[in-house]
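Peer 1: Got a structure for you, questions after.
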Amino acid sequence: MDFTIRKATEDDFPAILELIRELALFERAPDKVTNNLDQMKREKDLFRCYVAETSGKEIVGMALFFFAYYTWVGKSLYLEDLIVNEAYRKLKIGTELLRRVMQTAKEENCKRVRWQVLDWNEPAISFYRKTGAEVSSEWLNCTFDENGIADFNI
């Protein structure tokens with residue numbers, strides 16, 4: 001199957017949001033997606049995204065990322081989500097999306113690329129290990145949601 005990887009545009013946001021929802025459903029948390037098109041448009045300068053597009057102009061995958069700064073190493077790229085529509089998996093689309101992200105990290109002189117994977121997502125863990133990624137089990141996530149931020153009081 002022919003596909004291309006390209007930078008996402010604002011016109012792609014509806015398809016990107018659908019892929020985000022598909023990922024949330026797969027990760028057993030569909031009710032956790034509060035992002036919407038208006039928010040994505042307002043916050044578009046905070047993230048970058050590549051999409052995988054079929055020759056029929058259907059968006060079937062995406063890699064959404066942003067730049068971060070880690071005190072130990074400096075400028076880094078954080079890959080927030082890498083998703084390929086279930087019907088298009090096993091076609092090397094995820095590999096090509098990750099390749100493009102890594103190319104961007106090189107071009108931007110990043111010192112680290114980091115992302116998270118759920119500990120039960122064995123297909124993704126296996127894929128990431130095959131690419132040479134170090135999959136760590138040492139670090140735990142600490143999160144405040146919007147309500148937690150508003151209620152924070154020590």
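Peer 1: Out of all the residues in the stretch 36-48, is one or more touching a Leu at 6+ places or on another chain (Cβ under 8 Å) and among the charged types (D, E, K, R)? Break it down into steps so the answer makes sense when it comes.
Peer 2: Taking the stretch 36-48 as the starting set, the residues that turn out to be touching a Leu at 6+ places or on another chain (Cβ under 8 Å) are 36-37, 40, 47-48.
Going one step further and asking which of them are among the charged types (D, E, K, R), we end up with 48.
Yes: the stretch 36-48 contains one or more residues that are touching a Leu at 6+ places or on another chain (Cβ under 8 Å) and among the charged types (D, E, K, R).
Peer 1: Having 3 or more residues that are touching a helix residue (DSSP H, G or I) at 6+ places or on another chain (Cβ under 7 Å) and within 26 Å of residue 14 (Cα to Cα) is the bar; report the strands (runs of 3 or more DSSP E) wholly within the stretch 39-154 that clear it. Break it down stepwise before answering.
Peer 2: Values: elements: 48-54, 59-70, 74-84, 112-114.
Because the criterion is at least 3 residues that are touching a helix residue (DSSP H, G or I) at 6+ places or on another chain (Cβ under 7 Å) and within 26 Å of residue 14 (Cα to Cα), the strands (runs of 3 or more DSSP E) in the stretch 39-154 that meet it are 48-54, 59-70, 74-84.
Peer 1: While we're here: Is there a residue being of a type in the set (Val, Ile, Thr), touching a Leu at 6+ places or on another chain (Cβ under 6 Å) and surrounded by 13 or more Cβ atoms within 10 Å (Cβ to Cβ) anywhere in the stretch 66-85?
Peer 2: Checked the stretch 66-85: at least one residue is of a type in the set (Val, Ile, Thr), touching a Leu at 6+ places or on another chain (Cβ under 6 Å) and surrounded by 13 or more Cβ atoms within 10 Å (Cβ to Cβ).
Peer 1: Moving on. For the stretch 22-56, give me each residue that is loosely packed, with under 14 Cβ neighbours inside 10 Å and farther than 22 Å from residue 146 by Cα.
Peer 2: Of everything in the stretch 22-56, those that are loosely packed, with under 14 Cβ neighbours inside 10 Å and farther than 22 Å from residue 146 by Cα turn out to be 55, 56.
Peer 1: Ok, one more. Any residue at all in the stretch 42-49 that's of a type outside the set (Asp, Glu), free of Cβ contacts under 8 Å to residues at least 12 places away in the same chain and out of contact with any Cys (no Cβ under 7 Å at 6 or more places or on another chain)? Steps first, answer last, please.
Peer 2: Filtering the stretch 42-49 for residues of a type outside the set (Asp, Glu) gives 42, 44, 46-49.
Next, only the ones that are free of Cβ contacts under 8 Å to residues at least 12 places away in the same chain stay: 42.
After this cut, where a residue has to be out of contact with any Cys (no Cβ under 7 Å at 6 or more places or on another chain) as well, the list is 42.
Yes.
One line per residue, one yes/no per condition, for (1) out of contact with any strand residue (DSSP E or B) (no Cβ under 8 Å at 6 or more places or on another chain); (2) farther than 25 Å from residue 1 by Cβ; (3) touching a residue at least 60 places away in the same chain (Cβ under 8 Å):
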| position | (1), (2), (3) |
| --- | --- |
| 97 | no, no, yes |
| 100 | no, no, yes |
| 103 | yes, no, no |
| 106 | yes, yes, no |
| 113 | no, yes, no |
| 116 | yes, yes, no |
| 128 | yes, no, no |
| 140 | yes, yes, no |
| 150 | yes, yes, no |
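Peer 1: Which residue is farthest from residue 100 (Cα to Cα), if the candidates are limited to the stretch 7-20 and must be within 16 Å of the chain's Cα centre (by Cα) and surrounded by fewer than 13 Cβ atoms within 10 Å (Cβ to Cβ)? Show your work before the answer.
Peer 2: The first filter runs over the stretch 7-20 and keeps only residues within 16 Å of the chain's Cα centre (by Cα), leaving 7-9, 12-20.
Then drop every residue that is not surrounded by fewer than 13 Cβ atoms within 10 Å (Cβ to Cβ), which leaves 7, 9, 14.
Working: 7: 10, 9: 16, 14: 22 Å.
Here the answer is 14.
Peer 1: From the list 96, 122, 27, pick out the single residue that is farther than 19 Å from residue 140 by Cα and of a type in the set (Asp, Glu).
Peer 2: Values: 122 fails: farther than 19 Å from residue 140 by Cα; 27 fails: farther than 19 Å from residue 140 by Cα.
Checking each option against the conditions leaves just 96.
Peer 1: Additional query: When only residues in the stretch 119-150 that are at pLDDT 90 or above, of a type in the set (Gly, Ala, Ser) and loosely packed, with under 10 Cβ neighbours inside 10 Å count, which is farthest from residue 92 (Cα to Cα)?
Peer 2: Ranking the qualifying residues of the stretch 119-150, first place goes to 150.
The values are calculated or read from the model by the stated rules, or taken from the named source; none is laboratory data. Everything quoted here is computed from the prediction, not taken from an experiment. FYI the Cβ positions are ideal-geometry reconstructions off the backbone, even for glycines, and counts take in every protein chain you see.
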